[in-house]
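The values are calculated or read from the model by the stated rules, or taken from the named source; none is laboratory data. The shown structure was predicted, so the numbers you read here are calculated from the model rather than taken from an experiment. All Cβ positions, even for glycine, are placed from backbone atoms using ideal geometry, and neighbour counts span all protein chains on display. These area figures cover heavy atoms from the full protein model, side chains too; ligands, DNA and RNA do not enter into them. Shrake-Rupley method; radii C 1.70, N 1.55, O 1.52, S 1.80 Å.
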Amino acid sequence: MDLGLKDKVAIVTASSKGLGKACAVGLVREGAKVVICARNEDELEKTKDEIKRNLNGEILSIRADVTKYEDVKNLVKSTVDNFGTVHILVTNAGGPPAGYFENFSDDDWNKAFNLNFMSTVRLIREVLPYMKSQKWGRIINITSVTVRQPIDNLILSNSIRMSVVGLAKTLALQLARYNILINNVAPGYTLTDRVRFVIEQQAKNTGKTFEQVKEELAKDIPLGRLADPEELANVVVFLASEKASYITGVTIPVDGGWIKGVF
Ligand SMILES: NC(=O)c1ccc[n+]([C@@H]2O[C@H](COP(=O)([O-])OP(=O)(O)OC[C@H]3O[C@@H](n4cnc5c(N)ncnc54)[C@H](OP(=O)(O)O)[C@@H]3O)[C@@H](O)[C@H]2O)c1
């Protein structure tokens with residue numbers, strides 16, 4: 001199936017590693033011109049070089065912290081300066097810290113809001129003029145299964161990511177007349193550096209092996225394993241494509257069946 005992504009211009013944020021990187025790779029593979037960003041410049045350059053070497057595609061790296069509005073503005077401006085416009089935006093950021101209600105101050109809540117909500121608001125604000133004028137746009141927000149089924153010790157993620165779903169649904173209704181489609185993906189447990197680190201910590205704390213902890217996590221997943229980042233990226237790439245032309249305002253879990261609710 002030709003996804004119609006050749007020469008489309010895409011920004012994927014928080015993409016030197018993990019889910020963001022997998023999305024960038026997937027889009028480059030389909031012929032899109034892709035801009036990646038992260039805070040650590042060395043890691044970012046390594047990722048850009050690796051993708052260029054393996055896929056020989058058009059990829060640009062711009063150091064940016066998505067919590068800083070100036071960086072977000074510069075990211076979008078540099079993309080337009082280099083590639084002329086933006087067709088696709090994949091919003092992603094680091095995750096807020098784990099913990100319970102009692103663990104967090106106002107400052108922690110504000111930081112999580114800035115990281116996972118305001119970054120999305122500002123990125124969308126900056127790309128919209130280009131998408132509106134060309135009457136074509138795809139926005140895909142990477143959220144989490146926590147928007148459909150809370151995880152006990154992730155109160156910041158459970159709460160703040162819901163506002164991204166509300167934002168996306170509202171904008172989907174208002175932007176449809178410009179042919180701008182906006183959707184969310186909700187990854188379940190996916191084997192990225194972040195999750196590897198969590199598993200390693202748990203293994204250290206409990207005296208279990210990495211494999212034992214991983215298997216315990218997988219017990220709650222009907223498919224019986226954690227996801228590969230590429231499995232999330234495949235859905236994002238499809239939503240970014242011409243072929244996803246009648247899907248907007250939805251949240252698609254990519255969780256191996258982990259969410260137990262019907263809707
Ligand atoms: N993996 C999972 O199972 C899973 C499940 C549900 C939801 N999620 C969510 O998906 C997101 C990505 O997770 P991941 O597992 O791919 O994490 P990861 O492997 O740790 O990768 C995170 C990437 O984001 C970049 N980043 C972090 N904070 C940033 C910021 N403020 N500005 C720009 N770039 C930033 C990191 O680079 P720098 O550190 O250099 O900036 C890195 O490239 C997180 O929000 C996570 O909570 C993950």
### Task
List, in order, the whole-Hz ³J(HN,Hα) value for each residue of the range 84-97 obtained from phi through the Karplus relation with A = 6.51, B = -1.76, C = 1.60 and θ = phi - 60°; use x for Gly and Pro.
x, 6, 9, 9, 10, 10, 10, 8, 8, 7, x, x, x, x
### Query
Counting each DSSP H run of 4 or more residues in the chain as -39500 (n - 2.57), what helix-only mean residue ellipticity at 222 nm follows after dividing by all residues, to the nearest 500 deg cm²/dmol?
-15000 deg cm²/dmol
### Query
Mind listing the phi-derived Karplus ³J(HN,Hα) values for the range 190-204, rounded to whole Hz, using 6.51, -1.76 and 1.60 with θ = phi - 60°, and x for any glycine or proline?
10, 6, 10, 4, 4, 6, 4, 4, 4, 5, 4, 4, 4, 5, 4
### Query
Carbon and sulfur atoms: what percent of the 1.4 Å accessible area of the chain do they account for?
51 percent
### Message
Please list 3J(HN,Hα) in residue order for the range 144-149, calculated via the Karplus relation 6.51 cos²θ - 1.76 cosθ + 1.60 where θ = phi - 60°; whole Hz, with x for glycine and proline.
### Response
6, 4, 4, 6, 10, 8
### Query
For residue 251, which sequence-distant residues (separation of 5 or more, or a different chain) have an amide H within less than 5 Å of its own amide H, given hydrogens modelled in the peptide plane?
184
### Query
Going from the alpha-carbon gyration tensor of the range 26-128, what semi-axes, largest first and in whole Å, does one get by taking the root of 5 times each eigenvalue?
28, 16, 11
### Task
Please give the solvent-accessible surface of residue 192 in Å², to the nearest 10, using a probe radius of 1.4 Å with every protein chain present.
20 Å²
### Relative contact order for the chain, counting Cα pairs under 8 Å that sit 6 or more residues apart, in percent
20 percent
### Task
For the chain, build the charge dipole from Cβ charges (+1 Lys, Arg; -1 Asp, Glu) around the Cα centre, then report which of 94, 44, 123 sits farthest towards its positive end.
123
### Task
Please work out the FRET efficiency for the pair residue 179 and residue 6, using the Cβ-Cβ distance as r and a Förster radius of 22 Å; give the result to the nearest 0.05.
0.75
### Query
How do 63-69, 102-108 rank on mean C-beta neighbours within 10 Å, highest first?
63-69, 102-108
### Message
Between residue 170 and residue 208, how high is the FRET efficiency from 1/(1 + (r/R0)^6) when r is the Cβ-Cβ distance and R₀ = 35 Å? Nearest 0.05.
### Response
0.20
#### Entry: In degrees, nearest ten, helix 18-29 long axis to first principal axis of the chain (Cα)
30 degrees
#### Entry: Check: the range 156-263 dipole with +1 on Lys, Arg Cβ and -1 on Asp, Glu Cβ, in debye
340 debye
### Summary
hull vol. (C-alpha, convex hull) per residue for the range 170-263, Å³ -> 121 Å³
## Note on the structure
Note to self: with every protein chain in place and a 1.4 Å probe, the chain gives an accessible area per residue in Å² of 49 Å²
### Query
Nearest 0.05, what FRET efficiency do residue 149 and residue 81 give at R0 = 41 Å with Cβ-Cβ as r?
0.45
### Query
Cα-based Rg (one decimal) and Dmax (whole number) for the chain, in Å?
17.9, 57
### Task
Tell me which residues come under 5 Å, amide H to amide H, from residue 60 once H is placed; ignore anything under 5 positions away on its chain.
34, 35, 36
### Query
Spin-label point model (7 Å from Cα, Cβ direction): what's the residue 68 to residue 106 distance in nm?
2.6 nm
### Message
Based on alpha-carbon centroids, what's the gap between the range 99-146 and the range 1-69 in Å, whole number please?
### Response
19 Å
